[in-house]
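The values are calculated or read from the model by the stated rules, or taken from the named source; none is laboratory data. Note that the structure is predicted; figures quoted are calculated from it, not measured. Counting neighbours? That spans all protein chains shown, and the Cβs are built from the backbone with ideal geometry, glycine included. These accessible areas exclude ligands, DNA and RNA; they are computed on the full protein's heavy atoms, side chains included. Shrake-Rupley method; radii C 1.70, N 1.55, O 1.52, S 1.80 Å.
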Amino acid sequence: MNSLPLTALLAAICLSGSAVAYRATADVPSVPLRNAAVPGLRMPVVGLGTWAYGFPGEKWNDTIGQTTTMEFLKLGGRRIDGARSYGDQAGVGKGVKASGLDRSEIFLTSKLPCYGYNETLQFVDGILATLETTYVDLLLIHWPYSKSKIGTTDPNCKPDTAASAATCRQSVWRALEATFKAGKAKAIGVSNFEEKHLADIISMPDALIPAVNQVEFHPYWHEDGLVAFCQKHNITFNSYTPLSCPDWAPKTHHWPKKHGALDEDVVMAAATAHSKTPAQVLLRWAFQQDIVVNPRTYSTVHMAENLDIFNFELTSEEMKALSSIKPPTLNKVCPNPQKDP
């Protein structure tokens, strides 16, 4: 990503009065994926996060997932981020099919757990069947270590202890390589991998290097060293929860700001200065660090805003101020993979 000039990714969106009008799909900003990716594959900068679409008791479900997917695609978005564990892929798949767009125009990401070689191959077939597609554009190992691998047939994942963590993720990576070579995934990568976890993959003989590492990243939690490590190895850094999960994290984590990082003074000041929303400022802050983002929303207003971050630029002073925000005590939304063996 570092080789791409910022100007080559700008001007993807035009304004028409107070409504947002998106240009043709070819103009949606994207970045090339390297390493374990088919030549020429590009990843749209802004995707739609779908975590909780299928969770029982949440306001998300398959119907909302289908509708949300369709609305995002109508607005010009072209990347949908899902996972086997989200329970949302049936709705996403139906939304993709109902959109009327050719499958090749849409970038689908899915994730699977670190359970074992044969289990991974089975998970892949299940994911494709649920999404009603023959391939995903990006397939990720969801976490570097899965604490429960009951019934695994992979000796590299036994016993189910920390000692087998490295050999297990290496075995699962080999299964992803096989999936990639079989054409069931156009690119493969990882999620929530720290440097030590990535080193286990990179050190394997003749291993493909992950194309992407999807990690939590926002002003309250940004691992700058991990970003630099990934970019050094041409691993595209993909941020989830880029807005600090404002719909529930402030309550569960007892943050002083009602909407988390969105309510920080420096964020709101930058939003005012550029006539943008605080959410757009946070997404732009990530983008100017060569990071692609997956903001989660079911609001079409917010979807349009999330796609409209390419016609302004934060100053170096604003970037520094955003990176220097003092985080609350419990500053990470999701579990910390630094603790995983």
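Per-structure values
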{"item": "Inter-site label distance for Ser104 and Leu121 at 7 Å from Cα along Cβ, in nm", "result": "2.9 nm"}
{"item": "The stretch 242-286 - percent of accessible surface contributed by carbon and sulfur, probe 1.4 Å", "result": "61 percent"}
{"item": "Relative contact order computed over the stretch 245-290 (Cα-Cα under 8 Å; 6+ residues apart), in percent", "result": "23 percent"}
{"item": "Rounded Å value of the spacing that divides the Cα centres of the stretch 203-274 and the stretch 104-149", "result": "23 Å"}
{"item": "Percent antiparallel among DSSP beta bridges (both partners in the chain, rounded to 5)", "result": "25 percent"}
{"item": "Chymotrypsin sites (Phe, Trp or Tyr not before Pro) within the stretch 256-326: DSSP coil, no more than 16 neighbouring Cβ in 10 Å", "result": "Phe312"}
{"item": "Residue-normalised accessible area of the chain, given per residue in Å² at a 1.4 Å probe", "result": "41 Å²"}
{"item": "Of Lys111/Lys251; Lys147/Lys339; Lys258/Lys320; Lys251/Lys276; Lys251/Lys339, pairs whose Cα-Cα distance is over 18 Å", "result": "Lys111/Lys251; Lys258/Lys320; Lys251/Lys276; Lys251/Lys339"}
{"item": "Within the stretch 245-341, trypsin sites (Lys or Arg not before Pro) in DSSP loop having at most 14 other beta-carbon neighbours inside 10 Å", "result": "Lys258"}
{"item": "Most to least packed among 231-237, 133-139 [average Cβ atoms within 10 Å]", "result": "133-139, 231-237"}
{"item": "The chain - percent relative contact order, Cα under 8 Å, separation 6 or more", "result": "18 percent"}
{"item": "Degrees, to the nearest 10: 89-98 long Cα axis against longest axis of the chain", "result": "60 degrees"}
{"item": "Highest-MSF residue in the chain out of Leu314, Leu198, Leu48 [GNM, Cα springs under 10 Å]", "result": "Leu314"}
{"item": "Most fluctuating residue given options Leu101, Leu73, Leu112, as computed from a GNM of the chain linking Cα atoms under 10 Å", "result": "Leu101"}
{"item": "CD proxy at 222 nm, helix term only [per DSSP H run n ≥ 4: -39500 (n - 2.57); per residue of the chain; nearest 500]", "result": "-9500 deg cm²/dmol"}
